[in-house]
Amino acid sequence: MEELALYGGTPVFEQRIGYGHQYIDEADIQSVVDVLKSDFLTCGPKIKEAEEKLCDITGAKYAVLISNGTAALHAACSAASLGEGDEVITTPITFAASSNSVLYCGATPVFADIDYATYNIDPKSIEEKITDKTKAIVAVDFTGQAVALREIQAICKKHNLILIEDGAHSIGTKYDGIPVGNIADMTTFSFHPVKTVTSGEGGAIITNDEELYKKLILFRAHGITREPQLMINENQGGWYYEEISLGYNYRVTDIQAALLSSQLDKLEGFVKRRKEIVERYNQAFSQVPEIVLQEEIPESDTARHLYIIQLCLEKLTTDRKGIYDALVAENVGCNVHYIPVYYFPYYQSLGYKKGLCPNAEKLYDRIISIPLFYGMSDEDVDGVITAVKKVISYYRR
Ligand SMILES: *Cc1c(COP(=O)(O)O)cnc(C)c1O
């Protein structure tokens with residue numbers, strides 16, 4: 001990278017700024033300490049408390065806290081009764097968990113292409129991929145922007161499909177004024193530290209459907225119940241419980257639930273600050289012809305998790321890697337969201353081939369995620385803007 005010496009002499013940032021970072025305050029720390037001093041480290045009252053807050057935030061009836069966002073997707077796919085022979089349509093521009101969870105259930109992921117402007121799954125491509133075997137859609141609110149829910153719900157209704165919304169990026173987002181979580185049959189969240197709110201590891205499934213809720217509760221804890229009305233055999237006494245379906249140990253601890261509960265109290269502030277940062281980036285980068293911005297649909301009031309710059313490669317003398325490396329030399333932490341899932345050797349071994357989703361593949365070659373997190377100061381944001389402009393002008397054709 002000798003070329004970088006030209007402008008890399010003094011990086012814009014003295015110390016590396018990450019592309020994402022959790023924000024933990026004293027209230028968060030105290031909430032965890034309180035649990036450690038209490039009787040319940042797991043299966044205690046903090047789980048219900050956090051679940052109730054998720055219901056308040058989303059307006060949905062039921063929330064099931066679970067060990068992580070991947071387990072949430074697995075549970076949702078299982079509650080949707082997905083199995084061998086079933087096809088599930090999803091997007092390749094996502095974290096592998098979205099389609100892995102379909103595979104966990106023995107069903108087959110079918111990748112629909114994205115809309116090249118919004119980066120979200122394209123309803124027209126979904127329609128093209130529907131067969132007699134299609135049973136569900138796993139739609140991902142990529143970067144936090146809600147998918148085209150009206151169109152996708154219409155497709156689900158027409159073809160009798162279950163809609164699972166992977167909302168790992170979109171807690172706090174509203175679609176047509178309705179919070180994400182209160183729209184799809186099931187919505188999943190992740191509380192990994194890079195996401196908008198965190199519990200260290202953690203996830204949740206949100207639903208309004210009581211039957212699905214009951215299945216999710218069983219799935220989270222071994223398929224075991226202590227509720228007499230669910231038991232197959234006669235209750236034999238106070239110690240008695242029954243395993244009535246096959247489940248997992250996907251529980252969260254009260255330590256995590258307490259942290260989540262405390263973080264959820266800050267959600268509104270988190271979302272507000274993220275929107276301000278996005279606005280500042282949008283203003284700056286809309287003036288840069290080498291950068292294409294993600295199109296925002298009017299229906300989505302977006303709690304943005306990721307900020308992506310798309311490079312207009314025709315106007316640059318380098319490729320995405322050149323820009324990425326230069327930004328890293330400026331101490332700007334970057335990432336690429338995402339490598340199309342079916343590019344991975346494992347998916348290739350299942351028979352998926354490159355060329356499947358041309359828009360997703362073209363986008364992948366041109367995107368970089370730049371820092372976006374609550375704790376960024378205006379100076380940090382302006383520093384990132386300066387670094388991006390510096391790198392772009394260096395490589396301007
Ligand atoms: C983070 C993420 C997941 C998985 O969540 P974990 O909590 O890390 O298991 C699933 N889908 C998407 C789109 C994600 O970004």
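The values are calculated or read from the model by the stated rules, or taken from the named source; none is laboratory data. Everything quoted here is computed from the prediction, not taken from an experiment. Cβ coordinates were reconstructed from backbone atoms using ideal geometry, including for glycine residues, and neighbour counts include every protein chain displayed. The area values use the complete protein model at the heavy-atom level, side chains included, leaving out ligands, DNA and RNA. Shrake-Rupley method; radii C 1.70, N 1.55, O 1.52, S 1.80 Å.
Candidates are the residues of segment 61-83 that are more than 15 Å from the ligand (Cβ to nearest atom) and buried (at least 23 other Cβ atoms within 10 Å of the Cβ); the one that is nearest to the chain's Cα centre (by Cα) is 63.
List pairs: first residue in segment 77-97 and closer than 12 Å to residue 357 by Cβ, second residue of a type in the set (Lys, Arg) and open to solvent by 30 Å² or more (accessible area, probe 1.4 Å) anywhere in the structure, Cβ distance under 8 angstrom, at least six positions apart or on different chains. Close Cβ pairs (under 8 Å, with a partner that is of a type in the set (Lys, Arg) and open to solvent by 30 Å² or more (accessible area, probe 1.4 Å)) amount to 89/129.
Restricted to segment 184-222, and to residues there that are open to solvent by less than 30 Å² (accessible area, probe 1.4 Å) and without any contact (Cβ under 8 Å) to a residue 40 or more places away in the chain, the residue that is nearest to the ligand (Cβ to nearest atom) is 221. The C-beta contact set for segment 155-174 (first residue free of Cβ contacts under 8 Å to residues at least 60 places away in the same chain and of a type in the set (Val, Ile, Thr), second residue surrounded by 24 or more Cβ atoms within 10 Å (Cβ to Cβ) and part of a helix (DSSP H, G or I), distance under 8 angstrom, 6+ apart or interchain) comprises 155/126.
For segment 309-396, list the helices (runs of 4 or more DSSP H) that sit wholly inside it and hold at least 2 residues that are over 24 Å from the mean Cα position of the chain (by Cα); which are they? Full working, then the answer.
On the way: elements: 320-329, 345-349, 358-364, 378-394.
Of the helices (runs of 4 or more DSSP H) lying wholly inside segment 309-396, those with at least 2 residues that are over 24 Å from the mean Cα position of the chain (by Cα) span 320-329, 378-394.
As for segment 254-270, it holds no residue that is basic (Lys, Arg), free of Cβ contacts under 8 Å to residues at least 24 places away in the same chain and either open to solvent by 10 Å² or more (accessible area, probe 1.4 Å) or within 21 Å of residue 68 (Cα to Cα) (or both).
Taking the numbered list (1) among the aromatic types (Phe, Trp, Tyr); (2) surrounded by 24 or more Cβ atoms within 10 Å (Cβ to Cβ); (3) within 15 Å of the ligand (Cβ to nearest atom) in turn, residue 250 passes all entries but (2).
Of all residues in segment 93-145, those satisfying the criterion of being of a type in the set (Val, Ile, Thr) and within 16 Å of the ligand (Cβ to nearest atom) are 93, 94, 102, 114, 118, 121, 137, 138, 140, 143.
Considering 24, 29, which residue is away from the ligand (no atom under 16 Å from the Cβ), in a loop (DSSP other than H, G, I, E, B), of a type outside the set (S, T, N, Q) and surrounded by fewer than 21 Cβ atoms within 10 Å (Cβ to Cβ)?
Details: 29 fails: in a loop (DSSP other than H, G, I, E, B).
Being away from the ligand (no atom under 16 Å from the Cβ), in a loop (DSSP other than H, G, I, E, B), of a type outside the set (S, T, N, Q) and surrounded by fewer than 21 Cβ atoms within 10 Å (Cβ to Cβ) holds for just one of 24, 29, which is 24.
Looking across segment 348-366, just one residue is within 16 Å of the ligand (Cβ to nearest atom) and either open to solvent by 30 Å² or more (accessible area, probe 1.4 Å) or touching a helix residue (DSSP H, G or I) at 6+ places or on another chain (Cβ under 6 Å) (or both), and that is 364. Out of all the residues in segment 324-334, is one or more open to solvent by 10 Å² or more (accessible area, probe 1.4 Å), more than 16 Å from the ligand (Cβ to nearest atom) and hydroxyl-bearing (Ser, Thr, Tyr)? Yes, some residue in segment 324-334 is open to solvent by 10 Å² or more (accessible area, probe 1.4 Å), more than 16 Å from the ligand (Cβ to nearest atom) and hydroxyl-bearing (Ser, Thr, Tyr). Which one is surrounded by the most Cβ atoms within 10 Å (Cβ to Cβ), of the residues in segment 289-318 that are more than 19 Å from residue 116 (Cβ to Cβ) and among the β-branched types (Val, Ile, Thr)? Result: 318.
Residue 274 is checked against (1) farther than 18 Å from residue 55 by Cα; (2) open to solvent by less than 50 Å² (accessible area, probe 1.4 Å); (3) among the basic types (Lys, Arg); (4) out of contact with any Gly (no Cβ under 9 Å at 6 or more places or on another chain) and fails just one. What number does that condition carry? Only one criterion in (1) farther than 18 Å from residue 55 by Cα; (2) open to solvent by less than 50 Å² (accessible area, probe 1.4 Å); (3) among the basic types (Lys, Arg); (4) out of contact with any Gly (no Cβ under 9 Å at 6 or more places or on another chain) is unmet by residue 274, namely (4).
The residues listed here are 37, 61; of these, the one that is in contact (Cβ under 8 Å) with a residue 60 or more places away in the chain and of a type in the set (Lys, Arg) is 61.
The set of residues from segment 165-175 being within 25 Å of residue 88 (Cβ to Cβ) and either open to solvent by 40 Å² or more (accessible area, probe 1.4 Å) or within 11 Å of the ligand (Cβ to nearest atom) (or both) comprises 165, 166, 167, 168, 169, 170. Looking at segment 43-119, the strands (runs of 3 or more DSSP E) lying wholly inside it that each contain 1 or more residues that are within 30 Å of residue 309 (Cα to Cα) sit at 87-90, 108-111. Go through segment 146-161 and count every residue that is closer than 19 Å to residue 73 by Cβ, more than 14 Å from the ligand (Cβ to nearest atom) and under 19 Å from the mean Cα position of the chain (by Cα). Residues meeting the conditions: 2.
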